[in-house]
Amino acid sequence: MKLNNTNHIDKEIFWYGAYERNESFTFIQFLNPGAVCIDVGANTGYYSLMSAAHQPHCMVYAFEPASEMFKKLTENSALNGFKKITAVQKGVSNRSTKKQLFISGDDNTGMSSLSAAENATGKIEMIEVVSLDEFVEQKQITGISIIKIDVEGAEIEVLEGMKTVITSFRPLVAIEINAEIQGRFGQSINSIYSFMQERNYIAYEVIAVGCLKPVLSNKDCDLAFFIHEEARLPSSIKII
């Protein structure tokens, strides 16, 4: 994986060998051979690459609308020889349309957003967005095991556009939850928790690799794991 030592995510990988170690190493334990993984807000591809490396027969759809990040995503996929990663240069929302993407600085490229972050460069790209329900129908995808959503505050719009996916497939949904960022969109983290709870999902925080703890009071999480109440957990996963 090509790394830029000025970028927050890349520095974490360079110095510590992983980004969001507990979350990412737990994430891949939910993948089975032949699983379908959706990476919404793939950035340079860390979660997509981890998934493809852990399960070579897993199909990964990696959504990244920012042009420079998309280029790095495809380069990293090719560098590792992964044939099962399909990079999609689109954002994900509640419907198909075009939106403005505010590009963040090199110090943290993961902060590019539909709302300008504090490290915004002033550069704006017009991007296509699509709902996951529409994408899954167009691609005739018949099952999804796991979805990661990290879109810097637009998470609830992504969820609203995947209601059918959730009902039909009951995937694990891993979501970045940050109250400050949600506030830029006039949203509360409570809307994310409520949306998932209404669909019989239980929220967990990752406290160690393979170890989950129920979220009893809505809170920020680097990556909260929402698991359907009837889902069967991998044997390697422990809940405390």
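The values are calculated or read from the model by the stated rules, or taken from the named source; none is laboratory data. These numbers come from a predicted model, not from an experiment. Methodologically, a virtual Cβ is constructed for each residue, glycine included, from the backbone with ideal geometry; neighbour enumeration extends over all protein chains shown.
Within the stretch 192-215, residues that are over 21 Å from Ser168 (Cα atoms) reach partners that are in a helix (DSSP H, G or I) and not charged (D, E, K, R) with beta carbons closer than 7 Å, at six or more positions or on different chains, in the pairs Val206/Asn22; Val206/Thr26; Ala208/Asn22; Val209/Asn22; Val209/Phe25; Val209/Thr26; Gly210/Thr26; Gly210/Gln29.
In the stretch 5-24, the qualifying residues are those that are among the polar types (S, T, N, Q) and surrounded by 15 or more Cβ atoms within 10 Å (Cβ to Cβ), and the one that is nearest to Tyr47 (Cα to Cα) is Ser24. Across the stretch 125-162, the number of residues qualifying as under 13 Å from the mean Cα position of the chain (by Cα), farther than 22 Å from Phe30 by Cβ and in a loop (DSSP other than H, G, I, E, B) comes to 3.
A count restricted to the stretch 168-191 and to residues that are part of a loop (DSSP other than H, G, I, E, B) and free of Cβ contacts under 8 Å to residues at least 24 places away in the same chain stands at 2. For the stretch 75-89, a residue qualifies if it is over 22 Å from Asn32 (Cβ atoms), touching a helix residue (DSSP H, G or I) at 6+ places or on another chain (Cβ under 7 Å) and touching a residue at least 60 places away in the same chain (Cβ under 8 Å), and exactly one does: Asn76. If you go through the stretch 186-234 and pick out every residue that is of a type in the set (Lys, Arg) and within 20 Å of Leu31 (Cβ to Cβ), you end up with 1. For the stretch 99-124, filtering for residues that are in a helix (DSSP H, G or I) and either farther than 12 Å from Ala66 by Cβ or at pLDDT below 65 (or both) leaves 2. Taking every residue in the stretch 44-61 that is within 15 Å of Glu75 (Cα to Cα) and without any contact (Cβ under 8 Å) to a residue 24 or more places away in the chain and pairing it with any residue that is surrounded by 24 or more Cβ atoms within 10 Å (Cβ to Cβ) and not basic (Lys, Arg), at least 6 positions away or on another chain, yields no pair with a Cβ-Cβ distance below 7 Å.
Within the stretch 2-18, can one find any residue that is of a type in the set (Phe, Trp, Tyr), touching a helix residue (DSSP H, G or I) at 6+ places or on another chain (Cβ under 7 Å) and either over 12 Å from Asn76 (Cβ atoms) or at pLDDT 95 or above (or both)? There is no residue in the stretch 2-18 that is of a type in the set (Phe, Trp, Tyr), touching a helix residue (DSSP H, G or I) at 6+ places or on another chain (Cβ under 7 Å) and either over 12 Å from Asn76 (Cβ atoms) or at pLDDT 95 or above (or both). Cβ-Cβ contacts under 8 Å between residues 6 or more apart (or on different chains), taken from a first residue in the stretch 216-240 that is more than 19 Å from Gly183 (Cβ to Cβ) to a second residue that is of a type in the set (A, V, I, L, M) and assigned to a loop (DSSP other than H, G, I, E, B), are listed as Ile227/Leu233; Ile239/Leu233. For the stretch 33-42, the candidate set comprises residues that are surrounded by 24 or more Cβ atoms within 10 Å (Cβ to Cβ) and touching a residue at least 60 places away in the same chain (Cβ under 8 Å); within that set, the residue that is nearest to Asn4 (Cα to Cα) is Gly41. Out of curiosity, is Val165 assigned to a strand (DSSP E or B) and modelled with pLDDT of 95 or more? When the stated conditions are applied, Val165 does not pass them. How many residues does the stretch 70-98 contain that are closer than 23 Å to Val136 by Cβ and in a helix (DSSP H, G or I)? Within the stretch 70-98, residues that are closer than 23 Å to Val136 by Cβ and in a helix (DSSP H, G or I) number 4.
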